Amino acid sequence: MKKLISLFALLFVASVFLLHCGSNPVTSPETASPKLTPDNLQATPAALEKGNGAEKVYILHLTGNGEYILIQVAPNAVPAHLAHGDILVPCAPSYQQGFEASTDGWFDSNSGWYGLATQVSSGTGGIVSSAGSGHAVMEGDASSAPYSIFDGYCDSWTPWTAELDVYLDPSWSTSQGFDYTVAATGSDGAHQRDFIFHVNKDASTGKLLVAGSNNTNFAPREDLENINHYEVTTAGWYTLQHVFYESGGALAVDLNLLDSGGNVLFTETRTNASDVIPDEVGGNRYAWFTFINVDGGVAVDEFEIFRHY
């Protein structure tokens, strides 16, 4: 049975239509309009400048089941990937919001949702943007926090990757952090499953921990030290990367934490045998901060989705 987050059960309506990937956004994670065909990727230089002058190189990575998925790696990691059978290719995001001038595509209390998404200039609060001259600050409220639907919900399967740069700081106060999810849409157009990063300044260890799962309770998780996790020890920009691919006929998702150079620091792989491709699983749904309780909010940048046609 498909797992639904409790809030969405209240929002679900009997007939859910799909929004074309690339059309105008809607105002609720579970509201959409008629589906069209997703746009194809357009070619761009193989390396894109991101974060303190570092470059992330786009690689088609050969997985254990013989399929290729798009990942980003540091330039010095390219030779090892090519030796493994990976392919260096040009690729551009299907959808990108760099927060240079606005937070368009993100919904908050100004659009009838929750929390605040605010565009700021690089250097605001002492934080230099991950890329370009601006980024955004996401803040939560008592109910939830901002969300986006990228360029629209999709119910047709293709492998895809979603990325968001976030500024993480081990000096956050105890029990402060956020949950951030990217969800898949089912082939029937309904919500399929969530894939959630948990980030929390743990109360028992005093460490800033990152972990992953398939559900949220809209509050800090204080047990991350007991599951697969990573400790963030240095303040700076990190990338929350969701890689959606097929493994053994079912959906698998790698929740990767990358440093500013594109190096993978942590991976949590989530899969469920009932998420059969393509019978049950479609494409992307939303990206959503289910809660944020960090004083002053969380700085984010370079919000992107790549569809691997």
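Readers should treat all values here as calculations from the given coordinates under stated rules, not as data from a laboratory. As the structure is a computational prediction, the values presented were derived from the model and not from experiment. A quick note on method: Cβ atoms are made from the backbone with ideal geometry, for glycine too, and the neighbour counts reach across all protein chains shown.
Compute the relative contact order of region 231-273 as a whole-number percentage, counting only Cα pairs closer than 8 Å that sit 6 or more residues apart in sequence.
Values: 73 pairs, mean separation 14.5, N = 43.
Dividing the mean separation by the residue count of region 231-273 yields 34 percent.
If contacts are Cα pairs under 8 angstrom and at least 6 residues apart, what is the relative contact order of region 111-201 in percent? Intermediate values should be presented prior to the final figure.
Details: 108 pairs, mean separation 19.4, N = 91.
Normalised by residue count, the contact order of region 111-201 is 21 percent.
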Subject >> Mean Cβ neighbour count within 10 Å, used as a protection proxy, ranking 180-186, 241-247, 199-205 highest first >> reply: 180-186, 241-247, 199-205
Original post:
Near the amide H of A131, under 5 Å away, which other amide H atoms are found, from residues 5 or more places off or on another chain, if H is placed in the peptide plane?
Top reply: G51
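For an R0 of 25 angstrom, estimate the FRET efficiency from the Cβ-Cβ distance between S109 and S173 and round to the nearest 0.05.
Details: r = 23 Å, r/R0 = 0.93.
So the FRET efficiency works out to roughly 0.60.
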Subject >> Equivalent ellipsoid, region 69-188 (semi-axes from 5 times Cα gyration tensor eigenvalues, Å) >> reply: 29, 21, 15
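Just to check, using Stokes-Einstein with a Kirkwood Rh over alpha carbon pairs, what's the diffusion coefficient of region 97-307 at 37 °C and 0.692 mPa s in µm²/s?
On the way: Rh = 17.2 Å.
Diffusion coefficient, whole number: 191 µm²/s.
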Subject >> Virtual spin-label span in nm between T269 and S122, 7 Å along Cα→Cβ >> reply: 3.7 nm
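What's the ranking of 227-233, 112-118 by average number of surrounding C-beta atoms within 10 Å, highest first? Could you put the intermediate results ahead of the total?
Details: 227-233: 15.9, 112-118: 19.6.
Packing proxy ranking, top to bottom: 112-118, 227-233.
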Original post:
Rounded if a/c is under 1.5, else prolate if a/b is larger than b/c, else oblate: which is region 90-155, with a ≥ b ≥ c the root eigenvalues of its Cα gyration tensor?
Top reply: oblate
